[in-house]
Amino acid sequence: MGGIYALMSIGLNLIFGVVKVVNFAHGEFLMLGMYIAYWAFTLYGLDPYVSLPLVALLIFGLGALTQGLIINPLLRAKDINQVLATIGLMIFLQNLALFLWKSDFRSVLTAYSAESISIGEMRFSLTRMFAFAVAMATALLFYILLTRTDVGRRIRAVAQDADAAELMGIDHRRVYILTFGIGGALVGIAAAAMSPIYYAFPTVGALFGPTAFIVVVLGGLGSFIGAIVGGLIIGIVESVAGVLTNAELAKAVAFAIFLLVLFRKPTGLFGERARV
């Protein structure tokens, strides 16, 4: 789960770091990705890890459309307008899913769903290990894209100074659309990877979306490593707290750890103070 949280948070961090918009519909992108993986498995028998590229592509398209049709027209407007737009999109997607698929809990049961690997007295769920491996491999590939390619250099240039990048011939609006799409693709991959682990239902994004925000702030805004470390911390804390106490208190313990870290280091674990 820490790996899934990390991958979701990297996408959220990317959108905020480049476009400077907080996407409150990020959790709903996850929800739609889980439904796509579920229906691909139910209707066509596609394993979630086989349909993963399809889910990533479709949620990439959703992210690009969101930026192009909703956020771009509001770039010169007040920040509150952009916030309200993404909140409106969140409510719309939740109710659209509820209208199309009702409130039923749907799950993907593969042939290996109940399989596990034993190391000594410890047992590791195969699906959770797969999900973690996919999340970390995707994070690594994204890091290479961001640091070693021309596309990545354009994204980083716009993130640093959109006006200066425009003077250098970079169309920042196109970069915004691409960035929002990549952020969506990352959460789409997370959705496909976790579909054999967790139920899909219209409000599942409301459970995981806030956690992604916590991870981003905990790790430090704009920090790639912070998103990974923060995701792993929250995932481990929730799992351990769930075993020692109960599932209801696990989220509360994770929030408590989050608050303690912020009291000690307000910029997050790997964040830096803004320079005036």
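What the table below lists for this structure:
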| item | result |
| --- | --- |
| Residues located in region 86-104, provided they are over 15 Å from Leu30 (Cα atoms) and polar (S, T, N, Q) | Ser103 |
| Which numbered condition Val240 misses (of (1) exposed (fewer than 15 other Cβ atoms within 10 Å of the Cβ); (2) of a type outside the set (Lys, Arg); (3) in contact (Cβ under 8 Å) with a residue 40 or more places away in the chain) | (3) |
| Failed item in (1) without any contact (Cβ under 8 Å) to a residue 24 or more places away in the chain; (2) small (Gly, Ala, Ser); (3) surrounded by 15 or more Cβ atoms within 10 Å (Cβ to Cβ), with Ala97 passing the rest | (1) |
| Every residue from region 199-234 that is farther than 25 Å from Phe41 by Cβ, more than 12 Å from the chain's Cα centre (by Cα) and aromatic (Phe, Trp, Tyr) | Phe224 |
| Residues satisfying the stated conditions in region 216-268, i.e. within 21 Å of Leu14 (Cα to Cα) and hydroxyl-bearing (Ser, Thr, Tyr) | Ser223, Thr267 |
| Residue list for region 114-143, filter: loosely packed, with under 11 Cβ neighbours inside 10 Å and among the β-branched types (Val, Ile, Thr) | Ile117, Ile119 |
| Lone qualifier among Ile70, Ile36 - being within 16 Å of Leu93 (Cβ to Cβ), modelled with pLDDT of 95 or more and not charged (D, E, K, R) | Ile36 |
| Residue that is farthest from the chain's Cα centre (by Cα), among those in region 69-79 that are surrounded by 14 or more Cβ atoms within 10 Å (Cβ to Cβ) and in a helix (DSSP H, G or I) | Leu74 |
| Test: residue in region 247-256 that is within 26 Å of Gln67 (Cα to Cα), of a type in the set (A, V, I, L, M, F, W, C) and in a helix (DSSP H, G or I) | no |
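Residue-by-condition table, conditions (1) over 19 Å from Ala185 (Cα atoms); (2) without any contact (Cβ under 8 Å) to a residue 60 or more places away in the chain; (3) within 16 Å of the chain's Cα centre (by Cα); (4) crowded, with 16+ Cβ neighbours inside 10 Å:
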residue: Leu30; (1), (2), (3), (4): no, no, yes, yes
residue: Met34; (1), (2), (3), (4): no, no, yes, yes
residue: Pro48; (1), (2), (3), (4): no, no, no, yes
residue: Ala56; (1), (2), (3), (4): no, no, yes, yes
residue: Phe60; (1), (2), (3), (4): no, no, yes, yes
residue: Gly88; (1), (2), (3), (4): yes, yes, no, no
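The values are calculated or read from the model by the stated rules, or taken from the named source; none is laboratory data. Source: prediction; values computed, not measured. Virtual Cβ from ideal backbone geometry, glycine too; neighbours counted across all protein chains shown.
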